[in-house]
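Read the structure below first, then the notes.
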Amino acid sequence: MQTFWGIDLGGTKIEGVILSAPSPDAVVIRHRIDTEAHKGYDHIVGQIVRLVDLLKAETGYKPDHIGFGTPGTFDPRRRTMKGCNTTCLNGRPLPQDLEKILGLPVTVANDANCFALAEATMGVGPEVVPDFRCIFGVIMGTGVGGGLVFRGDGKAFVQNGLQGIGGEWGHNILEENGYDCYCGKRGCVEQVFSGPALQRFYRDCSGTDRKLKEIVERHKAGIDSHASATVDRLLEYFGRAISTLINVLDPDAIVLGGGVGNIDLLYTEGVERARKYVFNNGIIDTYILKPKLGDSAGVFGAAML
């Protein structure tokens with residue numbers, strides 16, 4: 001039986017899945033173990049090997065290829081990882097090390113690309129745009145990222161790009177002279193409407209710390225002008241940022257993942273704000289979609305690599 005193996009490498013947990021078919025209903029096994037990233041790069045590689053061995057032992061299957069979702073990007077020219085928030089991975093040849101120790105080929109992509117691939121091929125994509133040519137997957141949560149999936153010759157594939165940064169939407173400058181970003185720039189998309197950035201803006205306005213969910217609720221209730229200013233900031237800048245994706249890529253659909261993506265106003269008022277900026281006479285035919293796979297998308301997308 002053909003099987004599809006995926007590993008989602010997170011900072012806290014490493015999750016593995018075996019699928020008997022490219023479908024969320026075809027899970028043979030899912031298993032999670034702790035990453036224990038504080039113990040360093042070699043330990044993380046060892047934990048990955050341990051997880052693969054557990055999957056083999058519990059199913060009797062052996063992979064001939066494994067896809068990996070990573071918390072950063074593989075640089076195809078320098079052959080090392082970069083941009084990983086699990087910082088001990090940066091500068092290390094993770095795919096080559098895994099291929100050597102596992103004795104089989106591996107494919108890596110960052111977690112946003114895995115999210116996009118899963119939703120495009122087995123999530124909301126087949127339900128709404130089954131004949132898509134291009135889908136962009138957005139993650140708006142603690143950070144902001146993106147993944148780009150095309151279909152050609154009947155197959156869907158991730159567009160990693162020449163430098164491995166295809167889909168890196170979160171680190172374009174959206175607000176000149178905005179908040180400092182860890183990437184070295186100021187006013188990146190991530191520093192404007194990630195969850196922490198919105199909560200920081202509210203705190204700076206009001207002097208009070210609140211969770212994003214409460215801020216949105218207070219805005220809807222009309223009881224907090226600072227909450228309304230925060231939500232207005234989200235909607236306006238979301239509209240600008242999404243319009244850029246539409247203008248450059250003109251995708252069939254954009255799927256919004258992450259905690260911020262759960263805010264219903266993005267799908268109504270957020271899209272209305274984007275109409276002002278899209279180069280199409282105020283018309284947006286692009287589907288702006290909620291994801292279907294939840295936190296399964298990362299590991300399913302890794303399996304689909």
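The values are calculated or read from the model by the stated rules, or taken from the named source; none is laboratory data. These figures come from a predicted structure and were not determined experimentally. In this analysis, Cβ positions are derived from the backbone assuming ideal geometry, glycine residues included, and neighbour counts consider all displayed protein chains.
Below are the figures for this structure:
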read-out	value
Meets criteria (among the β-branched types (Val, Ile, Thr), in a helix (DSSP H, G or I) and modelled with pLDDT of 95 or more) for Ile254	no
When residues of segment 168-202 are limited to those that are hydroxyl-bearing (Ser, Thr, Tyr) and crowded, with 22+ Cβ neighbours inside 10 Å, the one modelled with the lowest pLDDT	Ser194
Only one of Val271, Val255 that is in the same structural domain as Ala156 (by TED's automatic domain parsing), of a type in the set (A, V, I, L, M) and in contact with a Pro (Cβ under 7 Å, 6 or more places away or on another chain)	Val255
Every pair of residues 6+ apart whose Cβ atoms lie under 9 Å, when the first sits in segment 153-174 and is more than 29 Å from Asp131 (Cβ to Cβ) and not assigned by TED's automatic domain parsing to the domain that holds Thr70 while the second is part of a loop (DSSP other than H, G, I, E, B) and at pLDDT below 90	His171/Gly83; His171/Cys183
Filter result (over 11 Å from Lys292 (Cα atoms) and surrounded by 24 or more Cβ atoms within 10 Å (Cβ to Cβ)) within segment 117-130	Leu117
Matching strands (runs of 3 or more DSSP E) fully within segment 1-45 where at least 1 residues are small (Gly, Ala, Ser)	4-9, 13-19
Condition check for Ala297: modelled with pLDDT under 95, over 21 Å from His219 (Cα atoms) and buried (at least 21 other Cβ atoms within 10 Å of the Cβ)	yes
Matching residues in segment 175-208 - criterion: being free of Cβ contacts under 8 Å to residues at least 60 places away in the same chain, of a type in the set (A, V, I, L, M) and under 17 Å from His226 (Cβ atoms)	Val192, Ala197
Pair list, Cβ < 7 Å and 6+ apart or interchain, from segment 273-285 residues that are within 16 Å of Leu249 (Cβ to Cβ) to residues that are buried (at least 17 other Cβ atoms within 10 Å of the Cβ) and of a type in the set (Gly, Ala, Ser)	Ala274/Gly239; Ala274/Ser243; Tyr277/Gly239; Tyr277/Ser243; Val278/Ser243; Ile284/Ala274
The listed residue being out of contact with any Lys or Arg (no Cβ under 7 Å at 6 or more places or on another chain), modelled with pLDDT under 95 and not basic (Lys, Arg), out of Asp25, Asp8, Asp53, Asp42	Asp25
Filter result (small (Gly, Ala, Ser) and in contact with a helix residue (DSSP H, G or I) (Cβ under 6 Å, 6 or more places away or on another chain)) within segment 21-36	Ser23
